[in-house]
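Participant: One structure follows; several queries about it will come next.
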């Protein structure tokens, strides 16, 4: 039995990388996808590709850091499809710096997207899931939510946060309301992140590390696996890393 058939799935950060790969993979499973992102051009391209391949999808331009935009997005999804069955909380930002750099602006950006953005998305969809007495919240975490690395203290902290809220969601919502919650924790994934490292030496290290990276499509298949389970099964956390990654 395909437990994803006709399910309404909201995916944040859906215009590229893991989000776009996940949108394509879930649409191929028969899910009705609501792709959420800030980049309208990339979002339109994704929607066109999925529809060309026979999938059902609609794009919604919204910023996860703006609660009102997320609330409006959720209302639009409910009005269009009649329910919100799954949230894939995927929009994220990974910036590296040493503590002595005092990169306060970068810290704020990661806190706003990786923490507040996740909370805003949950707040937007949760009322509909409560009304339905069913739902599934899948938060994209990271291996950085399990292991702290140098030059990534704030990023790791945001991902430890994701672990904490997801476990709390699972213990409260899954047990009491039938709304499941879990995380996917990828290792190094080739999403173009290495090109975004501003420090020249850091960029060189990032590109070297990226040589062992897995593809966004590999992570998307892990998402499909977690979401295809029957209602009685919850995947609490699924760690997926390159075979050659030793941390």
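The values are calculated or read from the model by the stated rules, or taken from the named source; none is laboratory data. This is a predicted model, so every value here is computed, not measured. Cβ sites come from the backbone with ideal geometry, for glycine too, and all protein chains shown count toward neighbours.
Participant: Considering region 118-143 alone, what residues qualify as being surrounded by fewer than 22 Cβ atoms within 10 Å (Cβ to Cβ) and out of contact with any strand residue (DSSP E or B) (no Cβ under 6 Å at 6 or more places or on another chain)?
Facilitator: 119, 122, 123, 126, 127, 128, 130, 131, 132, 133, 134
Participant: Would it be correct to say that residue 69 is under 18 Å from the mean Cα position of the chain (by Cα), surrounded by fewer than 22 Cβ atoms within 10 Å (Cβ to Cβ) and free of Cβ contacts under 8 Å to residues at least 12 places away in the same chain?
Facilitator: When the stated conditions are applied, residue 69 passes them.
Participant: Taking residue 231 as the residue in question, decide whether it is more than 17 Å from the chain's Cα centre (by Cα) and either modelled with pLDDT of 95 or more or more than 18 Å from residue 25 (Cα to Cα) (or both).
Facilitator: Yes: the conditions hold for residue 231.
Participant: Output the residues belonging to region 148-178 that are without any contact (Cβ under 8 Å) to a residue 24 or more places away in the chain, assigned to a helix (DSSP H, G or I) and more than 17 Å from the chain's Cα centre (by Cα).
Facilitator: Residues satisfying the conditions are 168, 171, 172, 175, 176.
Participant: Among the residues of region 1-32, how many are closer than 18 Å to residue 135 by Cβ and either within 11 Å of the chain's Cα centre (by Cα) or free of Cβ contacts under 8 Å to residues at least 12 places away in the same chain (or both)?
Facilitator: Summing the residues that are closer than 18 Å to residue 135 by Cβ and either within 11 Å of the chain's Cα centre (by Cα) or free of Cβ contacts under 8 Å to residues at least 12 places away in the same chain (or both) in region 1-32 gives 4.
Participant: Output the number of the condition that residue 174 fails; it satisfies all remaining conditions of (1) surrounded by fewer than 19 Cβ atoms within 10 Å (Cβ to Cβ); (2) closer than 21 Å to residue 86 by Cβ; (3) modelled with pLDDT of 95 or more.
Facilitator: (3)
Participant: Quickly run through region 72-111 and pick out the residues that are part of a helix (DSSP H, G or I) and crowded, with 17+ Cβ neighbours inside 10 Å.
Facilitator: 73, 74, 77, 78, 81, 106, 107, 110, 111
Participant: Assuming residue 196 fulfils every condition listed in (1) closer than 17 Å to residue 143 by Cα; (2) in contact with a helix residue (DSSP H, G or I) (Cβ under 9 Å, 6 or more places away or on another chain); (3) surrounded by fewer than 15 Cβ atoms within 10 Å (Cβ to Cβ); (4) modelled with pLDDT under 95 apart from one, which condition is it?
Facilitator: (1)
Participant: For residue 181, work out the one condition from (1) part of a strand (DSSP E or B); (2) more than 17 Å from residue 237 (Cβ to Cβ) it doesn't fulfil.
Facilitator: Against the list (1) part of a strand (DSSP E or B); (2) more than 17 Å from residue 237 (Cβ to Cβ), residue 181 comes up short only on (2).
Every residue, every condition in (1) in contact with a strand residue (DSSP E or B) (Cβ under 9 Å, 6 or more places away or on another chain); (2) farther than 17 Å from residue 221 by Cα; (3) modelled with pLDDT under 95; (4) in a helix (DSSP H, G or I), yes or no:
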| position | (1), (2), (3), (4) |
| --- | --- |
| 2 | no, no, yes, no |
| 10 | yes, no, no, no |
| 14 | yes, no, no, no |
| 27 | yes, no, no, yes |
| 34 | yes, yes, no, no |
| 42 | no, yes, no, yes |
| 48 | no, yes, no, yes |
| 54 | no, yes, no, no |
| 57 | yes, yes, no, no |
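Participant: Right, here's the next one. Restricting to region 100-147, name every residue that is in contact with a helix residue (DSSP H, G or I) (Cβ under 7 Å, 6 or more places away or on another chain), in contact (Cβ under 8 Å) with a residue 60 or more places away in the chain and within 20 Å of residue 188 (Cβ to Cβ).
Facilitator: Selection gives 140, 141.
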